[in-house]
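Below you'll find the structure, written out as structure tokens, and then a few comments.
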Amino acid sequence: MKILITGARSGIGFETAKYLESLGHYIYLGVHTDEEVVKVKESIDDSSKILPLKLDISDDKDLEKIDTLEYDIAFFNAAVGYGGTILEMDLDVVRENFEVNYFSTLKCIKKAYNNFLNHNKRGKIFVTSSLVGLMPLPYLSAYTSSKAALSSTIICMQQEIRKKTKNIELVLVEPGAFHTGFNQTMIDSMEENTNKNSIYYRNFSSIDRLTRNVFAMFESSRFDKMGKKIAKEMLKKESKSKIRYPLIQLFAIKLYLLFIR
């Protein structure tokens, strides 16, 4: 099969691609910049079935590739995350979280859906949201709320697609916290997006430390397991409508919502 994956320079997207490629499948591996295309090419061997390509989902010209490429499965995994106090964060920063994580991802889904529909082709669309959509985190609320909105929309879209066709499956992927470096980059941006004259900034060191400790406590380093789990679900005759993993993190969130919040 041919599989298109965005946001696959590293982490879960890349691990999913590697596992699928090891089984003989052909991968269009979308990354954010031309420089990343070069780096991926350097990291794979000449016999690899992985084809790196620039696919910035916030660039309409790049998005045209979703219309023209031939693929059986699309996996939209690209995202950005910026931290900071939502009361003081520049609205443009909040808007970028939603522009990439929600609106650009929605464009991708609709393009893949129409691609399958117009060619009367069976296909699957996997979309990465996050378990944090179930438990919004202070100081990371721009990111967590964008993922909550995405998850809600995907669940609605699944029901709408079933009314239209049984040939297209839409799968919601909600990973927990994995040590890919993404969360640390998001936390690093918290200080930049906090007003230097505010009470939040005066307490920033304790906020920063607490946030890092929470992720250090819960993050899993085995994101290769998540990639393998997604890949195996892709290859099933009928995929689950929702993938949530690790289960221990999901269980912890449900306990928090039930007994604490």
Checklist outcome for this item: Residue hits (the range 63-98; touching a residue at least 12 places away in the same chain (Cβ under 8 Å) and within 15 Å of Lys110 (Cβ to Cβ)) are Leu63, Lys65, Ile66, Asp67, Ala74, Phe76
Next on the checklist: I'm checking my understanding of the structure. Among residues of the range 193-221 that are loosely packed, with under 13 Cβ neighbours inside 10 Å and of a type in the set (D, E, K, R), which one is farthest from Leu4 (Cα to Cα)?
Outcome noted: Arg202
Checklist outcome for this item: Taking the range 87-97 and keeping only residues that are farther than 17 Å from His32 by Cα and surrounded by fewer than 19 Cβ atoms within 10 Å (Cβ to Cβ), one is left with Leu87, Glu88, Asp90, Leu91, Asp92, Val93, Arg95
Checklist entry - Could we say that Glu42 is modelled with pLDDT of 95 or more and surrounded by fewer than 21 Cβ atoms within 10 Å (Cβ to Cβ) here? => result no
Next on the checklist: So, in the range 203-261, exactly how many residues are in a helix (DSSP H, G or I) and either in contact with a Cys (Cβ under 8 Å, 6 or more places away or on another chain) or of a type outside the set (Ser, Thr, Tyr) (or both)?
Outcome noted: 36
Checklist entry - If you check Gly7, Gly13, Gly30, which single one turns out to be crowded, with 24+ Cβ neighbours inside 10 Å and either modelled with pLDDT under 95 or on the phi > 0 side of the Ramachandran plot (or both)? => result Gly7
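Across the range 220-233, what is the number of residues that are touching a helix residue (DSSP H, G or I) at 6+ places or on another chain (Cβ under 7 Å) and not basic (Lys, Arg)?
So the answer is 6.
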Next on the checklist: So in the range 165-206, with the set limited to residues that are in contact (Cβ under 8 Å) with a residue 40 or more places away in the chain and of a type in the set (Val, Ile, Thr), which one is farthest from Gly123 (Cα to Cα)?
Outcome noted: Thr194
Checklist entry - In the range 130-145, which residue that is within 26 Å of Ala231 (Cβ to Cβ) and assigned to a loop (DSSP other than H, G, I, E, B) is farthest from the chain's Cα centre (by Cα)? => result Leu134
Checklist entry - Looking only at the range 16-27, which residues are of a type outside the set (S, T, N, Q) and either at pLDDT below 95 or out of contact with any helix residue (DSSP H, G or I) (no Cβ under 6 Å at 6 or more places or on another chain) (or both)? => result Ala17, Lys18, Glu21, Leu23, Gly24, His25, Tyr26
Next on the checklist: Filter the range 158-192 down to the residues that are within 20 Å of Thr6 (Cβ to Cβ) and surrounded by fewer than 13 Cβ atoms within 10 Å (Cβ to Cβ) and list them by number.
Outcome noted: Gly181
Checklist entry - Across the range 1-54, what is the total count of residues that are over 20 Å from Phe223 (Cβ atoms) and assigned to a helix (DSSP H, G or I)? => result 6
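The values are calculated or read from the model by the stated rules, or taken from the named source; none is laboratory data. These numbers were taken from a predicted model, which means no experiment stands behind them. Neighbour counts run over all protein chains shown; Cβ positions are idealised from the backbone, glycine included.
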